[in-house]
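The structure under discussion appears below in the form of C-alpha cells.
The values are calculated or read from the model by the stated rules, or taken from the named source; none is laboratory data. Everything numeric in this text was worked out from a predicted model, so none of it was measured. Cβ sites come from the backbone with ideal geometry, for glycine too, and all protein chains shown count toward neighbours. Please note that ligands, DNA and RNA were not included when accessible areas were found on the heavy atoms of the full protein model with its side chains. Shrake-Rupley method; radii C 1.70, N 1.55, O 1.52, S 1.80 Å.
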Amino acid sequence: MSKVVIDALVERFPDAVYDAYVGVGGDDCAFVKKERIVEVCRFLKSDPGMLFDMAPYITAVDYLGQEPRFEVVYNLLSLKTNRRIRLRVKVPEQDAVVPSVTSLWRGADWFERYCFDMYGIRFSDHPDMRRLFMYDEFVGHPLRKDYPLKGRQPLVQEREVKDIYRGPGPATRD
Amino acid sequence: MASELDTVPVITTRRDEAQGFLQGLVSKGLGWARKYSLFQYPFVTACCGMEYMTVASARYDLDRFGAALPRFSPRQADLLIVVGTVNCKQAPILRRVYEQITEPKWVMAFGVCASSGGFYDNYATVQGIDRIIPVDVYVPGCPPRPEQVLDGIMLLQRKIQGQEHKLIDRKPLPVVGQTPTTR
C-alpha cells in the first residue's frame with residue numbers, strides 16, 4: 001500500500017503521530033497521542049485527499065505488565081479511495097479515558113461501548129456510556145487479562161419492563 | 001391384645017387398592033396419550049438450531065413420535081427444548097419461559113451447551129440449564145446427531161409413561177417469581 005496517507009498524517013501532525021510503520025497485510029499503522037485522536041480522525045475523515053468515511057472496527061488491547069497498559073485500536077476505511085489505516089492509542093490504566101469519536105462516525109458508538117464493557121476504558125463525550133454485552137449488575141471487565149479465567153458471577157433477576165433503561169434514543173444524523 | 005379394630009385397616013387398604021387400580025389405569029391411559037402428543041417449544045439460541053431443523057423436518061421427522069408441532073407460545077406447549085448456549089444475561093428469560101409453560105411440562109436439554117455449558121467454560125455462560133430449571137432429558141453432542149435426539153425423545157416418552165398422571169391435579173400451584181437459584 002502506498003505511504004501517501006501516513007506521510008500526509010505525519011506531516012500534518014508531527015507532534016501527535018509517531019512511530020508509523022507498515023503492518024501485517026500492508027496496512028498503514030501509526031501511534032497517536034490520546035489527547036489528539038479526535039483531531040487526527042477529523043482530519044482523516046474530512047480532508048479531501050483522505051476521506052476515511054467509515055470506521056469498520058474499533059477495539060482495545062490489554063498489555064498487562066506493560067506501561068501504559070491499554071491500547072485502543074482504530075481501523076479506518078475509505079470507501080472513496082479504498083484505503084485503510086490503523087491508528088493505535090496508548091491508554092494508561094490510571095487515566096483510562098479516551099476522547100470519543102462518535103461525533104465523527106455514528107457507528108463508533110457501540111464499538112466504544114464494547115471497549116468500556118470488556119476493558120473498562122471510558123470514552124469522554126460519548127452519548128450513552130453503558131455496557132454493551134454484559135448486564136449492568138456484572139462486576140468487572142471480563143476481557144482484562146487480570147479477570148479470573150472462570151470468574152463466575154451470580155445469576156440476576158429478570159427486570160421489570162419499566163426498569164429497563166433504553167438509552168437516550170437515536171441521535172441526530174450527522 | 002387383639003381386637004376387631006385390627007381388621008379395619010385391611011378393609012381400607014383394599015379400598016385404597018381398588019382406587020389405586022383405577023387411578024393406575026387412568027394414569028397409564030393419560031401417560032399413553034401425553035407421550036404421543038408432545039407439543040414442543042423450541043428455545044433456540046445457537047447453532048444446534050440447524051440440527052433441530054433437521055430433526056423436525058422430513059428426513060428424521062419428529063412427527064413419527066408425535067412431537068411434530070412446534071408451538072411458538074410457551075402457553076400452548078408442554079415440552080421445552082432448550083437448543084443451544086444459554087448465557088447469564090438470558091437466564092432470567094429462559095426461567096420466565098419455563099414458568100409460562102402449562103402443566104404438565106417437560107424439559108429437554110438439546111446439545112452439550114444446554115446440558116453442561118460445553119466448552120464455554122467462562123464468565124458469560126450458564127454451566128447447564130439445570131442451574132435454572134429442572135431438566136428431564138439431556139442430549140449430549142456438539143451438535144447431537146438427529147438419531148441422538150430421537151433417542152432422547154423416546155427416553156422422554158418412556159419417562160412420561162412411567163410418571164403418575166391425574167385427571168384433576170389438586171397439587172398446589174407453583175409459586176412464580178421466586179428468586180433464581182444462585183451458583
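Couple of notes before you dig in:
- Accessible surface for B:K28 stands near 130 Å², nearest 10, in the context of the full protein assembly shown (1.4 Å probe).
- Ordered from highest to lowest accessible area with the whole protein assembly present and a 1.4 Å probe, A:F70, A:F133, A:F111, A:F43 read as A:F133, A:F111, A:F43, A:F70.
- Using the alpha-carbon positions of region B:90-166, Rg (one decimal) and Dmax (whole number) come out as 13.4, 43 Å.
- For region A:113-174, the spread of Cα positions along each principal axis, largest first, Å: 41, 29, 13
- Approximate spin-label separation B:L69-B:K159, in nm, with each point projected 7 Å along Cα-to-Cβ: 2.4
- Each residue of region B:161-167 is assigned a 3J(HN,Hα), and the resulting list reads 4, x, 7, 8, 10, 10, 5 Hz, derived from the Karplus form 6.51 cos²θ - 1.76 cosθ + 1.60 (θ = phi - 60°), x at Gly and Pro.
- Most to least accessible of A:D28, A:D47 (protein chains only, probe 1.4 Å): A:D47, A:D28
- Scattering profile of chain B at q = 0.14, 0.15 Å⁻¹ [log10 I(q)/I(0), Debye over alpha-carbon scatterers]: -0.79, -0.88
- Measuring with a 1.4 angstrom probe and ignoring ligands and nucleic acids, A:M54 comes out at about 80 Å² accessible.
- Principal axis dimensions, the protein assembly as shown - Cα atoms, whole angstrom, descending: 111, 52, 39
- Cβ-defined net charge surrounding B:Y123, 10 Å radius [Lys, Arg +1; Asp, Glu -1]: +1
- Residues B:R170, A:R130, sorted by accessible area with the largest first, give B:R170, A:R130 [1.4 Å probe; ligands and nucleic acids excluded].
- A simple count of charges around B:E103, restricted to other residues whose Cβ falls under 10 Å of its Cβ and scoring Lys, Arg +1 and Asp, Glu -1, yields 0.
- Histogrammed with a bin width of 10 Å, the alpha carbon distances of region B:41-148 distribute as 16, 50, 30, 4, 0 percent, first bin at zero.
- Accessible-area value, B:Y60, 1.4 Å probe, nucleic acids and ligands omitted, Å²: 40
- In this structure, the amide hydrogen of A:A20, modeled 1.01 Å from its nitrogen in the peptide plane, lies closer than 5 angstrom to those of A:F31, counting only residues at least 5 positions away or on a different chain.
- Chains A and B, summed buried accessible surface - 1.4 Å probe, Å², nearest 100: 1600
- Over region A:1-99, the alpha carbon radius of gyration divided by the compact-protein estimate 2.2 N^0.38 Å works out to 1.04.
- For region A:126-142, backbone phi angles converted through the Karplus equation (6.51, -1.76, 1.60; θ = phi - 60°) give residue-by-residue couplings of 7, x, 8, 7, 10, 5, 9, 9, 7, 7, 5, 6, 5, 9, x, 10, x Hz, Gly and Pro being listed as x.
- When the inverse distances between all different Cα atoms of region B:30-95 are averaged and flipped, the Kirkwood radius reads 12.7 angstrom.
- For q = 0.09 Å⁻¹, Debye-computed log10 I/I(0) when each Cα of region A:53-172 counts as one equal scatterer: -0.30
- Region B:76-132-region A:27-53 distance, computed between alpha-carbon centres (Å): 46
- Ligands, DNA and RNA left out, the accessible area of chain A computed with a 1.4 Å probe is 54% carbon and sulfur.
- Probe 1.4 Å, protein heavy atoms only - accessible area per residue of region A:31-90 in square angstrom: 45
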